[in-house]
1. Quick check for the chain: number of Lys pairs with alpha-carbon distance under 28 Å, counting only pairs 8 or more apart or on different chains?
2. Estimate the FRET efficiency between residue 35 and residue 106 by the formula 1/(1 + (r/R0)^6), using the beta-carbon distance for r and 41 Å for R0, to the nearest 0.05.
3. At R0 = 30 Å, how high is the FRET efficiency between residue 212 and residue 189 if r is their beta carbon distance? Nearest 0.05 is fine.
4. So if R0 is 45 Å, what FRET efficiency would residue 172 and residue 22 give, r being the distance between their Cβ atoms, rounded to the nearest 0.05?
5. Can you tell me the orientation of helix 213-228 relative to the chain, as the angle in degrees between its alpha-carbon axis and the longest Cα principal axis, to the nearest 10?
6. Mind checking which of 84, 206, 114 is farthest towards the positive end of the chain's charge dipole, using Cβ charges of +1 (Lys, Arg) and -1 (Asp, Glu) about the Cα centre?
7. Helix 266-278 sits at what angle to the longest principal axis of the chain, using alpha carbons and giving 0 to 90 degrees rounded to 10?
8. Once the dipole of the chain is set up with Lys and Arg at +1 and Asp and Glu at -1 on Cβ about the Cα centre, which of 146, 218, 156 lies farthest towards its positive end?
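Values quoted throughout were computed directly from the atomic coordinates according to the rules given, and no laboratory measurement underlies them. Computed from a prediction, not measured in an experiment: that's the story for all the values here. We place every Cβ from the backbone using ideal geometry, glycine too, and count neighbours over all the protein chains shown.
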Amino acid sequence: AKRIGSNNFQFFTVDLSAKIQARLALQGQLRLAVEREEFVLHYQPQVDLCSGRIVGVEALIRWNHPELGLVPPGQFIGLAEETGLIVPIGAWVIRTACAQSKAWERQGLGSFRMAVNVSVRQFAQPDLVEYIAAVLAETGLEPQSLEIELTESLVMNDVDRSIDILQRLKAIGLQMSIDDFGTGYSSLAYLKRFPIDLLKIDQAFVRDIETSSDDAAIVKTIISMAHSLGIRVIAEGVETEAQCNFLRLNMCDEIQGYFFSRPVDAARIGELLAQDQRL
Ligand code: C2E
Ligand code: CA
Ligand code: CA
Ligand code: CA
């Protein structure tokens, strides 16, 4: 057996406390970032496979850190969720995305959905529906232009409660979508209980769509089941033309992924939308 000396133990504690320190520092910086609104939204187009047009964009947050530059959400959303900072951050996202969407509309860039991600804590806020309604009133954005993305695992956490909140969000006219679909363990039969408009197939199933007959079968099944329930389907993480062709052939409604465009800043989306208008 290996000898575990006291030195090793000390290294371990030093290492651990360094991690805690780093975490606390990040937490403090994130708190300041909320006050200073050091965030920026990038947007990724969602393209209709029939018309080839941009029918929606997903707002994806980045932290514009004074020293680190643009920090991807994977590096701070978890911490924001644990600390509750996700609530003011999420409110900022909704406000900013709605204002931006209305601004594009005013510039004559057409109407399309603006999708925002809503996290567990945000979803549990008793005033979420009122907050969104107030933002829509303030910005003048039509409710049907705003789409709320909730992950499959979030809605499956407490199904009855989720349905209740989903119904209240639907009642004010929003579009609802289930994100990362297929990664949870829910049966497709559950879908019919949820008042949803769109289903997003997780990129994990799209990746190997051409080589894995299992993934291909899963994707086909999700699409036909969703359609039989009157739900539109978006495939996420579409990176190649072959994936796109497979999805089109199998009646997927929309694609989102690097094949069409990476998430880009507002100015670039404005250009893409303007191009789209001229087609
Ligand atoms: P998500 O909601 O599943 O968003 C899709 C992620 O996949 C984005 O990563 C996007 O950049 C990436 N992606 C898009 N197309 C492709 C592709 O073709 N290939 C690959 N490999 N990746 C692709 P991003 O922007 O880093 O966001 C990661 C996650 O962070 C999001 O996953 C979402 O869960 C979370 N997130 C982002 N913005 C927000 C937000 O405003 N609020 C909350 N609560 N979560 C957010
Ligand atoms: Ca999403
Ligand atoms: Ca997703
Ligand atoms: Ca994801």
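1. 9
2. The computed FRET efficiency comes out at 0.90.
3. 0.80
4. 0.60
5. The answer is roughly 60 degrees.
6. So the residue furthest toward the plus end is 84.
7. The angle comes out at about 10 degrees.
8. So the residue furthest toward the plus end is 156.
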